[in-house]
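We did not get these values from a lab; they are worked out from the coordinates using the rules stated. Not measured: the values here are computed from a predicted model. Here the Cβ is made from the backbone with ideal geometry for all residues, glycine too, and neighbour counts use every protein chain on show.
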Amino acid sequence: MRDILGHSLNFQYELLLPEIIIAITATLVVGADAFRNELRLGRRILPWLSVIGLVAALVVSLLWIDTQRNFARLITIDNYTTFFRVLFTATAIVVIVGSHEYVERHIGHIGEFYALILLSTVGAIYMAAARDLLTAYVAIEVLSFSLYVAVSLARNDPRSGEAALKYTLLGGVASAMLLYGLSLLYGVAGSTQYTEISGALAAGTGGMTLPLILGLVLIVAGLGFKASAVPFHMYTPDAYEGAPLPITAYISATSKAAVLALFLRWFSGPLLPALPDWQWMVALIAVLTMGLGNLVALQQRNIKRLLAYSSIGQVGYMLMAITTVSVVSASALLLHIGGYLVTNLAVFMAVIAFYNRTGTEEISGFRGLAQTNPYLALVITAGMFSLGGMPLLAGFLTKFILFTAAADGGFLWLATFAVIMSTVSLYYYLQVIKQMYLYQPDGDARRWRLSPTGYLTTAVLLAGTVVLGVYATPLYTLADRATRVLFV
Amino acid sequence: MESIGIIVAFWALAVTTVGAALGVLVSRNLLHAIFFLITSFLGMAGLFITLSADFIAAAQVLIYAGAISVLLVFAMMLTPLASRDNANSLYLAPGALAGLGLAAIVGFVAVDTPWAELAGSTLAERSFPDTVRTIGAQLIGRYVLAFELASVLLLFALIGAVVLVHDRAAERGAAAAAEEAGTGPREEAT
Amino acid sequence: MIPMENFLLLSAVLFAIGFYGVLARRSAILILISVELMLAGVAINFVTFATYLDSQAFSGAIFALFVITVAAAEVGLALGIVLRIFRERQTANVDEVDTLKW
């Protein structure tokens, strides 16, 4: 079949199999939840059903390693897509396994909760896979809409609805800005296809520089909003604090990584010819994001807000790799995203296990955790040290490679600033660690144990944090193979 | 096509659209704002027709002026205290400044750019395409994936909206009626 | 033919009006309406470019169609959230919804 302009199109639906599996699983989960009483199913079936679907999708997505095919010129299935397919399905599996006890206790609508996580995974994957602005936009909205609802699912917590309101309204404004930018880009390039935009921009835009720059400003602002980059971050701490903990973990992991994946796909592909026009913008918001995220984190008392600002800081480091866009910095970015996901999820899964036991989100609540549960204290410590960039942990190695790539790319001042801010960040991570190790427990000093799945997820993630810190070559090789397809 | 009629139509519709949009801004009563919004959307549908996008115009009337407006009126009825006296209060001056600045910048860029000559297309001789046929063929053909993705999005927006407004009290009543005992003790806080 | 700039200028004005409304309004429903005005400006932009510059493939018009669809879904969701907030605290004004600091 050919489209109107005569390009041949292939409709190989098997290329979409992983997402079809996930979407079907999502509807099955909602259905199973709705008819739970009639079907005599326990509530436990829902997370396991979701995990089975995700595992199947993950396995199937491995079929297309080292292929380069597209579906109707709308999405590409290449190593980059496969990398993020695996990353996002794995993240969803970890979040679901690590939080099912929390979900049973604190979430009003369990079936919808799992279905929304599954659905947002589909959106995240297509954000990385899109090769047309239209697919990219719809994918962004699939991810955002699932999260708007998921944020509001906490039971008996008035903060939840408020967070959802702010997230939805500001997310809508961000979408509108992004779309206006995209419409200008479409006007300049005359197409929504990545390849044709790239061709049009490379051929020279002549008198179109102004609309192009305006479009880029709006695109960077809209995407910056979605990635919670400063100065578009205002909703982030509120959304993080009001959301149920697993959703906070999920937003800080998948949502951020998906926006960065889209950022990289756009700025290394269709928008690469306009590099001089956007480089300064991304550098600017990278500096602001690193600086403000880390400095405001110093004053936080709530663990969710602390992690929110810490994740804003992390986005700043990642944007630095977009600024110096090249094969090296792109691979470094993917490596850092991988390391960040493992580390950040380790911290969040530990915090979820902690919250299940104690019901507090205050940092002062972590007092004496080293006595009551030394294992959990160790996981949080390792995770926080890794986020802060201590050697022998994932965060150090991935940050080191990322900063070196930025310095080599001609942005030494940016890399220097990142190193300084990374050092600052150690201070607030140490505050939490201090609470756990230097103080006596406030109340109950008895030892307690995690649930089996709690042990499983935290142990796997802890192992990942340590292994990546010592031996990251395999992941780096994978990241390198994934980014080779970006720069043709 | 090159008649004076289409030019008159454009200006009439443009004035209606922008005027009604400004009306949305200054209304204190939510219902008035919604009526202004409907007027603005209908003006826009007319503008889409002058752009020869008749299908988009129909969609605009059905979805925006129809469905969305009804939804907004329903929301207004369900939030009785919120519908009156919506004075502007937040960031009035900075907002006006930002709005005017944005209009000036975007408008300047739109007017200043010689779109037509750069695009190199022959605007005047262009025949009006059969947009319904084109759009239909593209939606089910080339853009089928985006179409499917959007339908998944709508399905889950529907589920999400139901979940959001689901009444907790009714849920508890239903839960009490259903035999939940087998799945363990359920936290029943208000 | 009406000059293309007229349509682009119109969409710019609508976008800016919506942006002002987002900043200046207190009621969540009115902020939502303002977002819809911004999106309407986007749709006009897309259709204009499609008609004048891309009349063969017309992909901008399809983009506009998706924008309208997604906007409808967004209104549904956002109003659901507003209703929930209203039920909890009898207000739909964003400056009174302030348990969390911005």
Next on the checklist: What is the angle, in °, between the Cα long axis of helix A:394-408 and the longest principal axis of the Cα atoms in chain A? Nearest 10 is fine, range 0 to 90.
Outcome noted: 30 degrees
Checklist entry - Along the principal axes of its C-alpha atoms, what lengths does region A:179-272 span, in descending order and rounded to whole Å? => result 49, 21, 16
Checklist outcome for this item: Residues A:33, A:238, B:112 in order from fewest to most other beta-carbon atoms within 10 Å are B:112, A:33, A:238
Checklist outcome for this item: Rounded to whole angstroms and listed largest first, the alpha-carbon spread of chain A along its three principal axes comes to 71, 59, 41
Checklist outcome for this item: For region A:176-182, Karplus-derived ³J(HN,Hα) couplings (6.51, -1.76, 1.60; θ = phi - 60°; whole Hz; x for glycine and proline) come out as 4, 5, 4, 5, 4, x, 5
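Order these by the 10 Å Cβ neighbour count, fewest first: A:240, A:167, A:355.
By the 10 Å Cβ count, ascending: A:355, A:167, A:240.
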Next on the checklist: Which residue, A:453, B:37, B:12, has the largest displacement toward the positive end of the dipole of the protein assembly as shown when charges sit on each Cβ (Lys, Arg +1; Asp, Glu -1)?
Outcome noted: A:453
Next on the checklist: Which one, A:54, A:15, A:387, is farthest towards the positive end of the dipole of region A:13-484 when Lys and Arg carry +1 and Asp and Glu -1 on their Cβ?
Outcome noted: A:387
Checklist entry - Long-range amide H contacts for residue A:132: which residues qualify at under 5 Å (H placed 1.01 Å from N, peptide plane, sequence gap of 5 or more or a different chain)? => result A:194
Next on the checklist: With n ≥ 4 as the cut-off for DSSP H runs, can you work out [θ] at 222 nm for the protein assembly as shown, using -39500 (n - 2.57) per run divided by the number of residues, rounded to the nearest 500?
Outcome noted: -24500 deg cm²/dmol
Checklist entry - Could you give the dipole magnitude of the protein assembly as shown about its Cα centre, charging the beta-carbon of Lys and Arg +1 and that of Asp and Glu -1, in debye to the nearest 20? => result 1580 debye
Checklist outcome for this item: Here, residue B:92 and residue B:26, labelled 7 Å along Cα→Cβ, have an inter-label distance in nm of 1.4 nm
Checklist outcome for this item: Among A:293, A:133, C:72, the residue whose Cα sits farthest towards the positive end of the charge dipole of the protein assembly as shown, when +1 is placed on the Cβ of each Lys and Arg and -1 on the Cβ of each Asp and Glu, is A:293
Item to check | Nonlocal amide H pairs with residue C:93, under 5 Å, H built at 1.01 Å | outcome: C:28
Checklist entry - Which distance in Å, rounded to a whole number, links the C-alpha centroids of region A:240-262 and region A:149-216? => result 18 Å
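Arranged by the count of other C-beta atoms within 10 angstrom, fewest first, what order do C:7, A:11 take?
Working: C:7 24, A:11 13.
Going from least to most buried by this count: A:11, C:7.
Let a ≥ b ≥ c be the square roots of the eigenvalues of the Cα gyration tensor of region C:4-89; is it rounded (a/c under 1.5), or, if not, prolate (a/b larger than b/c) or oblate? Don't jump to the answer; show the numbers that get you there.
Details: a/c = 6.91, a/b = 1.88, b/c = 3.67.
Here region C:4-89 falls in the oblate category.
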Item to check | From phi via Karplus (6.51, -1.76, 1.60), per-residue ³J(HN,Hα) for region A:463-477 in Hz, x at Gly/Pro | outcome: 4, x, 4, 6, 4, 5, x, 9, 9, 9, 4, x, 5, 5, 4
Next on the checklist: Can you list residues from other chains, or at least 5 along the same chain, whose modelled amide H is less than 5 Å from the amide H of residue A:77?
Outcome noted: A:69, A:70, A:71
Checklist entry - Where Lys and Arg each count +1 and Asp and Glu each count -1, what net charge lies around residue B:155 among other residues with Cβ under 14 Å from its Cβ? => result -3
Next on the checklist: Please give me the summed charge of the neighbours of residue A:119: other residues whose Cβ is under 11 Å from its Cβ, Lys and Arg +1, Asp and Glu -1.
Outcome noted: -2
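What is the magnitude of the charge dipole of region C:4-89 about its Cα centre, with +1 placed on the Cβ of each Lys and Arg, -1 on the Cβ of each Asp and Glu, and no other charges, expressed in debye to the nearest 20?
It works out to roughly 500 debye.
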Item to check | C-alpha center-to-center spacing [region A:1-67, region A:321-365] in angstrom | outcome: 26 Å
Checklist entry - Going 7 Å from the Cα of residue A:41 in the Cα-to-Cβ direction, what parts of region A:100-134 have a backbone nitrogen less than 16 Å from that spot? => result A:104, A:109-119
Item to check | On Cα atoms only, tilt of A:256-268 relative to the major axis of chain A in degrees | outcome: 20 degrees
Checklist entry - Counting only other chains, what is the mean number of Cβ atoms within 10 angstrom of the Cβ of each residue in peptide B:45-55? => result 5
